[in-house]
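Visitor: Before I ask anything, here is the structure I am working with.
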Amino acid sequence: MRLSVQEICDMAQVVQSGEFRPVQLGGQEPSAPEVEKDPDNKQAQELKDQSQKTESDISNQKFLLRKFFVARPGAFDQAVNDLSNQVVAKDNEHVLSSWLLAEVDHWNNEKERVVLITEKNLFICKYDFIMLCCQQIQKIPLNFIDRICTGPFTFPPKSLDKREGEGLRMYWDKLREPSFVSRWNPLSGDLPYTTFIEHPLKNCTEQFTIICQMSSFHDNLVKAVQSAHDQTPVPGRANGVLILSQPLLIETYVGFMSFVGNRNKLGYSLARGSIGF
């Protein structure tokens, strides 16, 4: 095929104008230059993700505040007032601090508790925030508490049960070990120790952040126990309290009851919806 002089000139102009790029035989097409990522777009995406996460947290907090009866206006203050008048006033004591926590028993079951610290005693109260009445109270003399431990939860090596996070455990009778029957009875209350974790409402409002914070509870409890040991020592016992940081063992292996109970928050006063027959 022959080309005229005019056609050859036109092709030369096209090549010079840059519309075609020469390709070397056996080579690859030159790759296009990489486009630098816009840092503004990346920052905008991060802000968007943060905003979505914040909105999700706020939505979850509002749901929890509607769900828990203790979050009703004045419910916790009413509980502290009732407990102070009914129990603490009989011993002529004053409430130093009040807390909303969750108690974890030896079978890993969570239970909502109102905890009061006075000059001489620690009151662990099961309070019904639906009927606004006290159902059970455990009284522990502060000068009998000999060990306070904080740390993560652990389970036996072959256990199927598990629990994330950390807790606080206090012991008040180092001379008595729990019996075999007490350890394997899920309803047993004859154990010389108890364990606390933070309440699920801790991060919902400023008020709950104050009364549910484990670190503040730990500091107030240690201070009250040390003061009780100094003022009213127990005769025949080595006075003082050990403050330890160590794992907290929960000796369960299957944990089916605690899995069902904790997942459905059966130990809390909750709005569980209407049931019709």
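The values are calculated or read from the model by the stated rules, or taken from the named source; none is laboratory data. Worth saying up front: this structure is predicted, and the values here are computed from it rather than measured. So basically every Cβ, Gly included, is an ideal-geometry build from the backbone, and we count neighbours across all protein chains shown. Heavy atoms of the whole protein, side chains included, go into the accessibility calculation; ligands, DNA and RNA do not. Shrake-Rupley method; radii C 1.70, N 1.55, O 1.52, S 1.80 Å.
Visitor: Could you check His106 against (1) open to solvent by less than 10 Å² (accessible area, probe 1.4 Å); (2) of a type outside the set (Ser, Thr, Tyr); (3) under 30 Å from Phe155 (Cβ atoms) and say which number it fails?
Guide: His106 satisfies every listed condition except (1).
Visitor: Still on this structure: What are the pairs with Cβ atoms under 6 angstrom where one residue, in region 242-264, is farther than 18 Å from Lys158 by Cβ and the other, located anywhere, is among the charged types (D, E, K, R) and open to solvent by less than 70 Å² (accessible area, probe 1.4 Å)? Sequence gap at least six, or different chains.
Guide: Partner pairs satisfying both residue conditions: Leu242/Arg147; Leu248/Arg169; Asn262/Glu110.
Visitor: How many residues, within region 80-111, are out of contact with any Lys or Arg (no Cβ under 7 Å at 6 or more places or on another chain), closer than 16 Å to Leu122 by Cβ and among the aliphatic types (A, V, I, L, M)?
Guide: 7
Visitor: Of all residues in region 131-173, count the ones that are without any contact (Cβ under 8 Å) to a residue 40 or more places away in the chain and of a type in the set (Ser, Thr, Tyr).
Guide: The qualifying residues number 1.
Visitor: Give all pairs with beta carbons closer than 6 Å in which a residue from region 100-118 that is more than 18 Å from Tyr171 (Cα to Cα) and modelled with pLDDT of 95 or more meets a residue that is among the hydroxyl-bearing types (Ser, Thr, Tyr) and assigned to a strand (DSSP E or B); count only pairs at least 6 apart in sequence or on separate chains.
Guide: Matching pairs, first to second residue: Val114/Tyr127.
Visitor: A further question follows. Please tell me if Phe217 is closer than 22 Å to Ser84 by Cα and under 23 Å from the mean Cα position of the chain (by Cα).
Guide: Judged against the criteria, Phe217 is a match.
Visitor: Ala89 - would you say it is crowded, with 21+ Cβ neighbours inside 10 Å, of a type outside the set (Phe, Trp, Tyr) and part of a helix (DSSP H, G or I)?
Guide: No, not satisfied.
Visitor: Tell me the strands (runs of 3 or more DSSP E) entirely within region 109-169 that contain at least 1 residues that are polar (S, T, N, Q) and open to solvent by less than 50 Å² (accessible area, probe 1.4 Å).
Guide: Answer list for region 109-169: 121-128, 147-154.
Visitor: Does Leu160 satisfy the condition of being in contact with a strand residue (DSSP E or B) (Cβ under 9 Å, 6 or more places away or on another chain) and over 21 Å from Pro200 (Cβ atoms)?
Guide: Judged against the criteria, Leu160 is not a match.
Visitor: Considering only region 208-231, I want to know if a residue exists there that is surrounded by 14 or more Cβ atoms within 10 Å (Cβ to Cβ) and in contact with a Cys (Cβ under 7 Å, 6 or more places away or on another chain).
Guide: Taking every residue of region 208-231 in turn, none turns out to be surrounded by 14 or more Cβ atoms within 10 Å (Cβ to Cβ) and in contact with a Cys (Cβ under 7 Å, 6 or more places away or on another chain).
Visitor: Let me ask something additional. Quick check on region 84-97. Is at least one of its residues more than 18 Å from Thr205 (Cα to Cα), without any contact (Cβ under 8 Å) to a residue 12 or more places away in the chain and of a type in the set (A, V, I, L, M, F, W, C)?
Guide: Yes.
Visitor: Then there is this: Would you confirm whether or not region 211-227 contains a residue that is among the β-branched types (Val, Ile, Thr), in contact with a strand residue (DSSP E or B) (Cβ under 9 Å, 6 or more places away or on another chain) and under 23 Å from Ile58 (Cβ atoms)?
Guide: Within region 211-227, one or more residues are among the β-branched types (Val, Ile, Thr), in contact with a strand residue (DSSP E or B) (Cβ under 9 Å, 6 or more places away or on another chain) and under 23 Å from Ile58 (Cβ atoms).
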